[in-house]
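Some notes on the structure that comes next.
The values are calculated or read from the model by the stated rules, or taken from the named source; none is laboratory data. Nothing here was measured: the structure is a model prediction, and the numbers come from that model. Quick reminder, even Gly has a Cβ in these numbers, built from the backbone with ideal geometry, and neighbours come from all protein chains shown.
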Amino acid sequence: MAEDYNRFFEESAAQRGARVQTMQLPGTDARYRLLLIGAGKIGREHIQVAQLLGRATVQGIFDTDRGSIEAALALFQEIGAEAPQVHSSLEAALADTSYDAILVCTPNYTHYDILQQAFKTGKPLFVEKPIATSLVDAARIVEQARDYAGFIQIGMQYRYKSQYTEAFRETKQRNALGAVKTISMSEYRPPFLDKVKQWNKFNEYSGGTLVEKCCHYFDLINLMAETRPRRVYASGGQAVNFLDFEYEGQASDIHDHAFVVVDYDNGIRGSFTLNMFCEELYEELIVAGEKGRLIAMEASSFKRDTASVGRIKVEVEGHADYEFRDVTYPGIVERSGHHGATFFEHEALVAQLEGRGVNSATPMQGLWAMIVASAAQHSIEEQSVVEIDDYLRQCELSWLTD
Ligand SMILES: NC(=O)c1ccc[n+]([C@@H]2O[C@H](COP(=O)([O-])OP(=O)(O)OC[C@H]3O[C@@H](n4cnc5c(N)ncnc54)[C@H](O)[C@@H]3O)[C@@H](O)[C@H]2O)c1
């Protein structure tokens, strides 16, 4: 599962930040042509970040919503980018062989069907998380990915957040904590934002809150634990958000808070706390090992005028970062989307296009993040502990238990 986590440590957040300071931004060496399927909120972040990095540009878009296409075209104009070709159908977009890679940034429930079409192109694919809404679909995609000609990069860009890359360097490369024993993550944030047709307010379209939103965190916890999850217990529900929300006669049913406990095969214990009825965003990773504790945190606001901040501290005797150290990326990338994580995700995409290996999430890693999330949701429904192997057999995915 953690086959390529080592690449996390090649560069520190500070080195990455310093490299950005020496870069000419926006970059001007845009040799790769990208096709964007889904030009909504994250699709437009990809347009902007690709333009900023300047190594690839979005030159074609397809979206089923006129409003999203217009918003995207306005963005191209605003950032001084050449207007893209707007394709009239998915088939037409995929039939255009001039693109170097395809970005799938549509709602979760559409990923599986769109991928079935996109796989016919053999082109490198970037697919937003989660890879699907059900484990069965996600596992099928993983099977298909095995024989696929191009690479497939999953949009788990939290891996590139500064404080988490530092946490991985400390724990894995420098072994600062000794053997890791517990990993706990938490996210406190405001409610889900508006989306086109409000797909994220419904389990059916998003896969559920823990799958949709929190697969990022389970991916990081899985990587930190370096082994498979054995059992999951979770408690959660819908306490405050969207209680009276309806869209086209359907009542919202998504969770807005949860506590999740994960036991890993190697004895490491993980936990995740979610709360989505807060004013501001606060994320925290606390890793404890034989020698001490590491805290990596991020605070930011959904209100525009407040800068985000990432910090790390390592409470191990004599450690240089015993007190909090600021690891925030330079403002230009920090503001470009998800605290600079999307920018470095694009660097990884370009690196893969150039044939270099990167530490972005593979379909299999995307699936394992979903397995924990999905088991947690199942645990909430059943109010019981979920043994992962049993759960996978129940989902007719026994091949994953080997
Ligand atoms: N990596 C991250 O941090 C991150 C952040 C936000 C969203 N996402 C993911 O990105 C995806 C999109 O989320 P969003 O926030 O941009 O949602 P959104 O609703 O803002 O945008 C989705 C866009 O896809 C379009 N669309 C829907 N069905 C389509 C289809 N069949 N073909 C083409 N276009 C279609 C919609 O019209 C809309 O414009 C989701 O999978 C979401 O989980 C990831």
(request) May I ask you to list pairs of residues, at least six apart or on different chains, whose Cβ atoms are under 8 Å apart, with the first in the range 248-274 being free of Cβ contacts under 8 Å to residues at least 12 places away in the same chain and the second being outside any strand (DSSP E or B)? (result) A251/F245
(request) Looking only at the range 34-60, count how many residues are more than 9 Å from the ligand (Cβ to nearest atom) and outside any helix (DSSP H, G or I). (result) 10
(message) Pull out all pairs, ordered by first then second residue, where Cβ-Cβ is under 7 Å, the residues are six or more apart or on different chains, the first lies in the range 50-68 and is of a type in the set (A, V, I, L, M, F, W, C), and the second is in a loop (DSSP other than H, G, I, E, B) and near the ligand (Cβ under 8 Å from one of its atoms).
(response) I61/A39
(message) What's the number of the only condition in (1) at negative phi; (2) surrounded by fewer than 18 Cβ atoms within 10 Å (Cβ to Cβ) that N175 fails to meet?
(response) (1)
(message) Going by what's in this entry, would E345 be described as over 17 Å from the mean Cα position of the chain (by Cα) and not assigned by TED's automatic domain parsing to the domain that holds F151?
(response) no
(message) Given (1) in contact with a helix residue (DSSP H, G or I) (Cβ under 7 Å, 6 or more places away or on another chain); (2) surrounded by fewer than 24 Cβ atoms within 10 Å (Cβ to Cβ), identify the lone condition not met by L353.
(response) (1)
(message) Any residue that is small (G, A, S) and over 24 Å from Q365 (Cα atoms) - is there at least one of those in the range 250-269?
(response) yes
(request) Keeping to the range 240-270, report how many residues are crowded, with 16+ Cβ neighbours inside 10 Å and either in contact with a Pro (Cβ under 8 Å, 6 or more places away or on another chain) or not in a loop (DSSP other than H, G, I, E, B) (or both). (result) 12
(request) Would you please list the contacts, defined by Cβ atoms under 7 Å and residues six or more apart or on different chains, that run from a residue in the range 213-232 that is farther than 19 Å from F168 by Cβ to a residue that is among the charged types (D, E, K, R)? (result) R230/D263; R230/D265; R231/D263; R231/E387
(request) Mind listing just one residue for me: the one in the range 155-186 that is outside any helix (DSSP H, G or I) and in contact with a Lys or Arg (Cβ under 8 Å, 6 or more places away or on another chain) and, of those, farthest from the ligand (Cβ to nearest atom)? (result) G178
(request) Return a yes/no flag: does the range 379-397 have any residue that is within 25 Å of F126 (Cα to Cα) and part of a loop (DSSP other than H, G, I, E, B). (result) yes
(request) Answer yes or no: is there a residue in the range 314-335 that is crowded, with 22+ Cβ neighbours inside 10 Å and in a strand (DSSP E or B). (result) yes
